[in-house]
Amino acid sequence: MNERKLVLASQSPRRRLLMMAHGYEFTVLPLQISEIPDENLNLQRRIERLALDKVEACIRLRRQHGHSSDAVILTADTVVALDERVLGKPRSDDEAAGMLRALSGKAHQVLTAVAVHDEVMGETLCDHVITRVHFRDLNDQQIRAYVASGEGRDKAGSYGIQGLASEFVDHFEGDFDNVVGLPMQLVSRLLAMLAAKGNFAIPLRDSGIATKVKNIEERIARACQAAGRPRESVQWIGVSKTKPLIDVLEAERAGVMDFGENYAQEAVAKIDERQAIAHAMGWGEQRNSSTRPLPRWHFIGHLQSNKVKSVLGRFALIHSVDRLSLVDELQRQLDGRIDRQLGSKRAAAPVAPGAALHPTRQRAPSVAQDILVQVNYGDEETKSGLQLSAGVDAIVEFVRQAQQRSHIRVRGMMALPPLQTSTREARRQFADLRQIHAEVARRLPAELQTHFDTLSMGTTSDFESAVLEGATLLRIGTALFGERS
């Protein structure tokens, strides 16, 4: 069956994120047209006309740029309507506040029209959906605080349901992602209908990651069986450094829920974009039934002290702690974060009940950051970590001192021993590390031993040997995502 390329004709980052989250392979063609609605049409026909106008504009633009006419074009147009009044994007903070006052305590409609056009057949399909959103009563303090946040400035109706304004919504009837800006059920239905008419396919992105996940799982299971260990005693993370977020999403769909990043700036950008997708999809929001858990992130690279502030709170586990000055900086930043949170709560104490923008987000942050102590098994100059030549005493003392910090919890050890061509030699190194981990745990106070249970070692080239010798956490990149770009 022939395949078609898919072109999303939209400047909306939320629409791009929704399409990405559903696994579509597509290119983006930013499109701006003068939207002059035909007042003789009712609201539903009006937004469909605008979506169809965008199709025509996209066709012209592609021809001007010399693109071949062999793609499927997807366009959409969304409006917010209170009774018959259309609420567009606010032109000022005062206008935004006025829209929110008008919506307070009332129900309004969010209408989105979607059009799909096949350039080969010249066939176009178009339809729309309506979601009815019921707002709670809002007071002036809530409205002023929300407008000041700037979240609603680029959104029709002056609010985004996936963000802070989720607290404004009592309930809604219809599709959640329609309110975000793109009703994915309608998109999928129209694309399927168009593909059936033309006997072509618009495949979801498939780089083979699902097959690789299955292969990795089978190899770990066999190694566990050979070692006489239960499969659940070993976890693994997909090392996603330098890989695009769309690869992470594909791995998630295959069941991977832990990812490792090496570089702070790249990692923060990726995690923030992943969070934006979660908001766009409404994942984690109690009012949306189609929730799904978010992945856990691990920082596995060398962490500079000046990057601590940017990574704090984003990673379930930091694998690469190798100096007490870094522990102190983690503690200092956590102290500051908690002090700011408590100060914010005290300042907000006199506020009338119900006035908070998002009371569920006012909880104090976690009081503990989980870390692993990195050990430089081969005393290699190119690698970080506590030098093994310093002896087990040095590792024990490091763990003891780190645990004296009130917000730090040492979960175990991480090591990257020198790569070996011999499986026997690789296993010898891993066995040494297992013994060192056990000795450190044995010499810790009983209250610290209970959570010193993680031994992170083993990568794509040797993870089966690591499992055989007691690894509890593996870092697998190439076998999952392929070679780094």
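At a glance:
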| quantity | calculated |
| --- | --- |
| The range 10-35 residues that are closer than 22 Å to H65 by Cβ, paired with ones that are modelled with pLDDT under 80 (beta carbon under 6 Å, 6 or more apart) | E25/R205 |
| Filtered residue count, the range 414-471, keeping only those that are closer than 19 Å to G301 by Cα and assigned to a helix (DSSP H, G or I) | 1 |
| Residues within the range 5-30 that are among the hydrophobic types (A, V, I, L, M, F, W, C) and assigned to a loop (DSSP other than H, G, I, E, B), tallied | 3 |
| Which listed residue, of A278, A269, is outside the structural domain of Q162 (by TED's automatic domain parsing), closer than 18 Å to A316 by Cα, surrounded by 17 or more Cβ atoms within 10 Å (Cβ to Cβ) and of a type in the set (A, V, I, L, M) | A278 |
| Among the candidates R46, R91, residue that is in a helix (DSSP H, G or I) and either assigned by TED's automatic domain parsing to the domain that holds I33 or in contact with a His (Cβ under 8 Å, 6 or more places away or on another chain) (or both) | R46 |
| Options V169, V179; residue that is surrounded by fewer than 19 Cβ atoms within 10 Å (Cβ to Cβ) and of a type outside the set (K, R) | V169 |
| Residue tally, condition of a type in the set (A, V, I, L, M) and either at pLDDT below 50 or more than 29 Å from F259 (Cα to Cα) (or both), over the range 332-375 | 10 |
| Filter result for the condition that a residue is over 30 Å from M193 (Cα atoms) and buried (at least 20 other Cβ atoms within 10 Å of the Cβ), over L82, L74, L87 | L87 |
| Scope the range 125-141; condition surrounded by 16 or more Cβ atoms within 10 Å (Cβ to Cβ) and within 28 Å of the chain's Cα centre (by Cα); matching residues | V129, I130, T131, V133, F135 |
| Residue in the range 321-331 that is modelled with pLDDT under 95 and under 30 Å from E167 (Cβ atoms) present | no |
| Test result for R411, of a type in the set (K, R) and touching a strand residue (DSSP E or B) at 6+ places or on another chain (Cβ under 7 Å) | yes |
| Only one of A81, A51 that is touching a residue at least 24 places away in the same chain (Cβ under 8 Å), of a type in the set (G, A, S), on the phi < 0 side of the Ramachandran plot and in a strand (DSSP E or B) | A81 |
| First in the range 140-154 and within 18 Å of G181 (Cβ to Cβ), second anywhere and charged (D, E, K, R), Cβ under 8 Å, 6 or more apart | R153/K89; D154/K89 |
| Identity of the residue in the range 255-311, within 16 Å of the chain's Cα centre (by Cα) and β-branched (V, I, T), that ends up modelled with the lowest pLDDT | T291 |
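Condition check ((1) at pLDDT 95 or above; (2) under 30 Å from R14 (Cβ atoms)) across all residues:
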| residue | (1), (2) |
| --- | --- |
| H171 | no, yes |
| D175 | no, yes |
| L191 | yes, yes |
| I216 | yes, no |
| L245 | no, yes |
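For every residue, the table says whether it meets (1) over 30 Å from H67 (Cβ atoms); (2) part of a loop (DSSP other than H, G, I, E, B); (3) at pLDDT 90 or above; (4) in contact with a His (Cβ under 8 Å, 6 or more places away or on another chain).
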{"residue": "A113", "(1), (2), (3), (4)": "no, no, yes, yes"}
{"residue": "M121", "(1), (2), (3), (4)": "no, yes, yes, no"}
{"residue": "V129", "(1), (2), (3), (4)": "no, no, yes, no"}
{"residue": "R132", "(1), (2), (3), (4)": "yes, no, yes, yes"}
{"residue": "I143", "(1), (2), (3), (4)": "yes, no, yes, no"}
{"residue": "G152", "(1), (2), (3), (4)": "yes, yes, no, no"}
{"residue": "I161", "(1), (2), (3), (4)": "yes, yes, no, no"}
{"residue": "S166", "(1), (2), (3), (4)": "yes, no, no, yes"}
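The values are calculated or read from the model by the stated rules, or taken from the named source; none is laboratory data. Because the structure is a prediction, the values reported are computed rather than measured. Don't worry about glycine lacking a Cβ; one is built from the backbone with ideal geometry, like all the others, and counts go over all protein chains shown.
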